[in-house]
Structure formats: structure tokens, C-alpha cells
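**Student:** Quick one: the structure is below, questions incoming.
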Amino acid sequence: MQLCISNHSRSNFYRFLKPISHIVGKEPKTVAGIGIACIYNHAPHSNHSDVWFVKVVSTLCIQSSTTSLSGFHSDYLRNHLSPSITFEVIRRLNGYHCNGKLAFDFFQFTRLNLNVTHLIATYNVLLRSLCQMGFHDLAKLVYEYMRVDGHLPDSSVLGLLVSSFAHVGNFDFAKQLLSHAQSDNVEIRSFVYNNFLTLLVRRNRVQEAVSFFSGHISKSQCYCPDTCTFNIVIRGLCRVGEVEKAFELFNDMGSFGCSPDVVTYNALINGLSRVGEADRGLELLREVQSGNVFSPDVVTYTSVISGYCKLGNMEMASSIYDEMISSGVKPSLITFNVLIDGFGKSGDMSSARSTYEKMLCCGCLPDVVTFTSLIDGYCRSGKVDQGLRLWDEMNERNLAPNVYTFAILINSLCKENRINEARDLLRQLRRREDIVPKPFIYNPVIDGLCKAGNVDEANVVVAEMEAKKCNPDKLTYTILIIGHCMKGKMSEAMTIFTKMLEVGCAPDRITVNSFISCLLKAGMPKEAYRIKQAAWEGLNLEMSSLRRSNPIRTNMDIPVAA
């Protein structure tokens, strides 16, 4: 198939491409080939020179790469690159060619070298694409250019920028964006603020979210917080145990024209349950029931049930569960898991098993939390074999145990001196690439092996532990030191103690005193003295490091104006 171009159009086309060939250092025929190809392959036929120009410049940018953009220095480009044509080139580089970095380079080149005044649409396209491609440093630079050139992002672009920078952890710049928007009187939609607060809370930066809410959102002239805004901050405060501060916000909602909803109450009830105030949570449940605006849902009831389970008051927890059923609210998987865990911790495995069977009858499939709670309950009751049978049932259901399932069974087996079985579970854990275990899983096995005099195998377990990127803790080192001492391997014990200090794991008095006692009994007073000195120096070094990282504040009691 051939591209048909009239003689007049062909003449205009070559006359149009001639200065381009000088710009990029290519023969006119080569440039013409590129131009015809890009017109033929990428767009409808058109005789409009602007269309040709956009396609030719875009294609030449791609073929010449960013290193050749300096060769585009030309009065011809300066005279023919209008803001709208530049926008089309950038949009083509960014969209069709998916090269945001090259689009930015062309944008910057035309702005700085050719003095092109860019359209706000150009800035918006670049900001969106650079954020989506992860070029946040370039997006920040484009935003700064945008403000210098007198443009302001609209609410949609602003929301994208705030969310994108917050997602990569640059909360400071996200705050700066919102501050600029407020000072520039740019309308900010509620989802922008709410999304930002949600990300702060998810990153465990609750106090930062509270400060931003109090210092920025609540005082903003451009935006009034809605119920969702309050819910996010209240939920965050309750998650970190700051329930009273959460209630302060709850009581302030009316002054902003907001009314609490069921999500608000659920967050507060859950927060009260976390801090052991189940009765206050029940009062809030009754408050919801007495109103006519909304009804408690499964989360409301489950939060109250959880509070009583944490207190061991299973009678009250069961009563609330029965009330929930009679109210027509269907229990969830979490509801059943909370009850099973509560019964297991209180030693009532008959009720725990009954709840499990009730759960199956309701068509609610168990998960790893369900089985872990049941296994924990049986192990607490001294029925480790029943826990192992549940372990097998998990495998039959293709449910992978989590780190806590391993820890519970391993610890229980070690308590019954069934070290070999616990060791087998560690071998299974070694094959699990999705689990990065903690020292508390390995320590019972290491301790059991050391007490049995098998310190060599204990060292093998430590090696496996480190291979799983699990660093020994203070208890691990103490167990190993005492274990080697009991076998008379004093030199190895001293090596372990030295390593403990080298990795920055400061020994406590139990570790030091036990080791010194073993050295003295072995007739090694000089070594005991050196260990005492090394431990003291290590402790002083740790304290010195803490002081440098947390300098002492001498003005803590000086009042500061709010």
C-alpha cells in the first residue's frame, strides 16, 4: 500500500522538512521518510502542516534520543513551536510513545531554551504521567515551573499529586501542596484531604494526621471537614489507644455541622474494647440502638463482643452474640474468630469447638486465624496432640499456617520436651518463603537443645534462623552462652558474648551475671573480670548512642504559647 500525496502537498511537505533536516543533522530525504512514515502509520491522512510538524518533531525526538535535544536549537523551531503545538508533541511523546521522561525533557528544553509559554493542559498531562510512572522528582519540578508560570492545578490534578506523593512517603511535599492550594484559594474536594489522612493513619503516623487535622483542615477557609474526615482521625486515635482524644473529636463534630454515623461509633467502640473498657463500648451500642438514624451492624456488635472476650468475660460476650442474632444481624468470620479465641484463652474448649461447628453450619469457612485460635486454646489446655490434629486439618483445607501458628505449637511442644517434633516444624518453616519469623519461634527449640546438651544442633538452628533473616535477640544469645558454659565450652561462650556486643545487642544483668558465675565456677576469674568490663563498656556505648539520637531536653517544663 502506498501513501498518495499530491504534487503540491509533496512540494510543501519537502519545503517544510528542509529546515528540520538542518536542525537535527539528517538528510532531507531521511527526514522526509520519517515524516511520511509517521503520518502514514500513526494518524489519519492530513495536509495540515501543523499535523506534520507535530508528528515529525515527535518521531525525531524518539529517534534522536534525549541527548540530541540540544541539536534542536533553531530559530525555525522557535518561530513555529506554538504552545498548542508543543502540547501536542508532549502529549504524543507521553501518550503514544509512553515516554514520560522524554516528554519532560522536551518540555524543559522548549521552556528554558526556546522560551515557549506552556499551556496549563501541558502541565496537567505531564504531572499525571510523571506521577503514574514514578518520576516524582520530575513531577515536583514541573509543579514548581507551573507555579512560576502563574498556573494552578485544579482539584483533580491536586488530588492526584497529593495522593501520589503520600503513597511514596513524601508527606511533607503533600502537605506543601495542600498549603499552597489553601493560600491560592483553590477548591479542594473532600476526597483529597480524606485520602491524605487515610494514608497517614495507615503508615502509623496518627499524631501527624491529628496535627494536620487540627492545624490545617479545621482552620481552612476553603474546606470544611465532613463525617468521613472525622472518622479517619478518630479511627486512627483509637487504633493507638488515644481513646479520650478520639472522644474530643467526636464531641467537636457538631460544631463543624457533622453528625456521627455507624462508622464513627464502631471506631469508638473498637477503641474502647482495645483499652479494656468494654462497658463503655456497650453504652455506646445502647446509644446507637436508642437512636432512629441508623442501626448497629455486625462490626458494632463484634467490637463489643471482642471487648468482653479480651476481659475474659465470655458470659457477657455470649449474651451480646445472642442479642445480635435475635436482632437479625448475621455474624461474620471475624465475629466467630473473636469468640473462639476468647473461649480458648479462658480454657473453655468445649464452647470454642461448639462455636467452630456453629460457624460451619452458618456457611462461614474458617481461615488461618480460626485454626490458630483453636490450636492455641488446646495447647493452653495441655492438649497439644489435639492442636497437632488441627494442624493436619489445616493442611487438608489448603490453609497455610502463619507465624503465630508455628510459634504456638513449637513453644507447646518444647514445654512437653518434644524437641524433635518442634525441630521438624522449624524445618517446615525453613521452606516457607512467605514468612520472616521472629526470635521467639526459635528460642524455645534452642533452649531445649541446650538443656539437653546438644549445643551443636542449637548452633545449627541459629544458623537457620539467620538464613531466614531473623537476627538472634538478647534471649537467644543468653541461652547459647549458658548452654555452651554447661557443656564446658567456655571459649565458644566468650565468642558468642563478643558477637552479641558487636551486633549491638546489649546484654542485661541476667546474661552478664550468669556468664560471670559460670566463668568463676570454671576457675576463670580473669575472663570473668574482662566480661564484666566488656559488658559495662558495651552498656555505656549503647547509652551514649541513645543520648546522641535522643538529646536531653532541658526546657521540657517551659510553657509554650499555643
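The values are calculated or read from the model by the stated rules, or taken from the named source; none is laboratory data. Given the structure is predicted, the values throughout are model-derived calculations rather than measurements. Here the Cβ is made from the backbone with ideal geometry for all residues, glycine too, and neighbour counts use every protein chain on show. Remember, those area values only see protein heavy atoms, side chains included, never the ligands or the DNA or RNA. Shrake-Rupley method; radii C 1.70, N 1.55, O 1.52, S 1.80 Å.
**Student:** Counting only other residues whose beta carbon sits under 15 Å from that of Phe106, what net charge do I get with K and R as +1, D and E as -1?
**Tutor:** +4
**Student:** Putting +1 on Lys and Arg Cβ atoms and -1 on Asp and Glu Cβ atoms, find which of Pro525, His484, Met494 reaches farthest to the positive end of the dipole of the range 457-525.
**Tutor:** Sorting the options by dipole projection puts first Pro525.
**Student:** While we're looking at this one, here's another question. With the Cα gyration tensor of the range 336-421 giving a ≥ b ≥ c as the square roots of its eigenvalues, does the rule (a/c under 1.5 for rounded; else a/b larger than b/c for prolate; else oblate) give rounded, prolate or oblate?
**Tutor:** Note, shape of the range 336-421 comes out oblate.
**Student:** Then there's this: So how do 425-435, 343-353 stack up, highest first, on mean other-Cβ count within 10 Å?
**Tutor:** Packing order, densest peptide first, comes out as 343-353, 425-435.
**Student:** Quote to one decimal, in nm, the extra length available between Leu360 and Tyr529 on full extension: 0.36 nm per residue of separation minus the C-alpha distance between them.
**Tutor:** So the extension gain works out to 54.5 nm.
**Student:** Under a 1.4 Å probe, what is the accessible area of the range 380-509 per residue, stated in Å²?
**Tutor:** Roughly 52 Å² per residue, with all protein chains present.
**Student:** Here's another thing I want to ask about it. With a 1.4 Å probe and every protein chain kept in, tell me what percent of the accessible surface of the range 256-336 is carbon plus sulfur.
**Tutor:** It is 52 percent, rounded to a whole number.
**Student:** Right, another one. Determine, from the Cβ-Cβ distance of Asp473 and Glu315 and an R0 of 51 Å, the FRET efficiency 1/(1 + (r/R0)^6), rounded to the nearest 0.05.
**Tutor:** Computed FRET efficiency for Asp473 and Glu315: 0.85.
**Student:** In addition: Straight-line reach from Lys383: which lysines have a Cα under 16 Å away, not including same-chain ones fewer than 8 places off?
**Tutor:** Lys345, Lys415
**Student:** If you count only protein heavy atoms with a 1.4 Å probe, what accessible area per residue comes out for the range 104-261, rounded to a whole Å²?
**Tutor:** Per residue, the range 104-261 has 43 Å² of solvent-accessible surface.
**Student:** What's the carbon and sulfur percent of the range 98-181's accessible surface, probe 1.4 angstrom, rounded to a whole number?
**Tutor:** The value for the range 98-181 is 51 percent carbon and sulfur by accessible area.
**Student:** Please work out whether the range 437-539 counts as rounded, prolate or oblate from its C-alpha gyration tensor, where a ≥ b ≥ c are the square roots of the eigenvalues and a/c under 1.5 means rounded, while otherwise a/b larger than b/c means prolate and anything else oblate?
**Tutor:** Since a/c reaches 1.5 but b/c is at least a/b, the shape of the range 437-539 is classed as oblate.
**Student:** Please calculate how many Å² of accessible area the range 271-314 carries per residue, with a 1.4 Å probe and no DNA, RNA or ligand atoms counted.
**Tutor:** 47
**Student:** Continuing with this model, one more query. In nanometres, what is the gap between the two model label sites at Ser327 and Asn79, each 7 Å from Cα along Cα-to-Cβ?
**Tutor:** Label at Ser327, label at Asn79, 7.9 nm between them.
**Student:** Would you check the range 429-509 for Lys pairs whose C-alpha atoms are within less than 17 Å, ignoring same-chain pairs closer than 8 in sequence, and give me the count?
**Tutor:** For the range 429-509, the number of qualifying lysine pairs is 8.
**Student:** Quick check: at a probe of 1.4 Å, how many percent of the accessible area of the range 488-536 sits on carbon and sulfur atoms?
**Tutor:** Percent of accessible area from carbon and sulfur atoms in the range 488-536: 57.
**Student:** Could you rank Ser259, Ser319, Ser306 by how accessible they are, 1.4 Å probe, largest area first?
**Tutor:** Descending accessible area places them as Ser259, Ser319, Ser306.
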